[in-house]
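For reference, the structure discussed in these notes is given below.
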Amino acid sequence: MAESFQLHVVTPVGEIVDADVVELIAPGVDGQFGILPRHARYMTALGVGELHYTTTDGAKEILAVAGGFAEVSKDRVSVLAQTAEDATRIDVARAEASLQRAEARLKEPEEGSDVGRATIAMEKSLARLRVAKARGIKPTHQPIVTHEMPIPGADDE
């Protein structure tokens with residue numbers, strides 16, 4: 001059996017992954033980093049993107065992650081992420097809507113708008129859509145339809 005290490009991914013919502021893996025590729029704030037068994041101790045902040053890992057049985061897995069930290073020891077990687085989602089938990093329609101909103105904000109930013117926040121929202125949406133696509137989940141590409149609901153008592157003014 002190939003050498004492995006324990007991968008533990010946790011978010012504020014709970015545990016996402018607890019598996020023996022043979023390799024990990026994750027988005028750091030300064031770019032992607034890779035981890036193999038018996039890696040030197042290492043700690044880094046996570047960026048936004050895809051976290052890829054290969055289990056000891058050869059399965060290749062992928063998560064959309066954003067923010068947090070990764071701590072590496074000789075036989076364990078602990079990822080404390082602000083968000084981490086596998087393809088089955090990604091709402092593709094919601095990710096597409098978020099991407100459209102972020103792109104619109106960046107295309108024509110309003111005075112006082114937070115361009116940095118819109119950029120991060122766009123990166124998160126793109127990561128979610130790439131993870132969904134990697135698992136064969138097709139984008140909906142349906143336009144967002146909104147309806148104005150009357151506010152009770154608003155006509156009384």
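Checking each residue of the range 81-88 against the condition of being touching a helix residue (DSSP H, G or I) at 6+ places or on another chain (Cβ under 9 Å), closer than 23 Å to residue 133 by Cβ and in a strand (DSSP E or B) gives at least one match. Among the residues making up the range 90-117, those that are surrounded by 18 or more Cβ atoms within 10 Å (Cβ to Cβ) and either closer than 24 Å to residue 29 by Cβ or out of contact with any Ser or Thr (no Cβ under 8 Å at 6 or more places or on another chain) (or both) are 90, 95, 98, 99, 102, 105. When the range 118-143 is limited to residues that are modelled with pLDDT under 70 and surrounded by 10 or more Cβ atoms within 10 Å (Cβ to Cβ), the one that is farthest from residue 59 (Cα to Cα) turns out to be 140. Return yes or no: is residue 40 among the hydrophobic types (A, V, I, L, M, F, W, C), at pLDDT 95 or above and in the same structural domain as residue 9 (by TED's automatic domain parsing)? Taking the combined requirement at face value, the residue does not satisfy it. Looking at residue 45, is it closer than 21 Å to residue 120 by Cβ and not acidic (Asp, Glu)? In short, yes. Across the range 40-75, the number of residues qualifying as surrounded by 17 or more Cβ atoms within 10 Å (Cβ to Cβ) and not in a strand (DSSP E or B) comes to 1.
The values are calculated or read from the model by the stated rules, or taken from the named source; none is laboratory data. Note that the coordinates shown come from a computational prediction; the quantities given were computed from them, not determined experimentally. Neighbour counts are summed over all protein chains in view; Cβ atoms, including those assigned to glycine, are modelled from backbone coordinates with ideal geometry.
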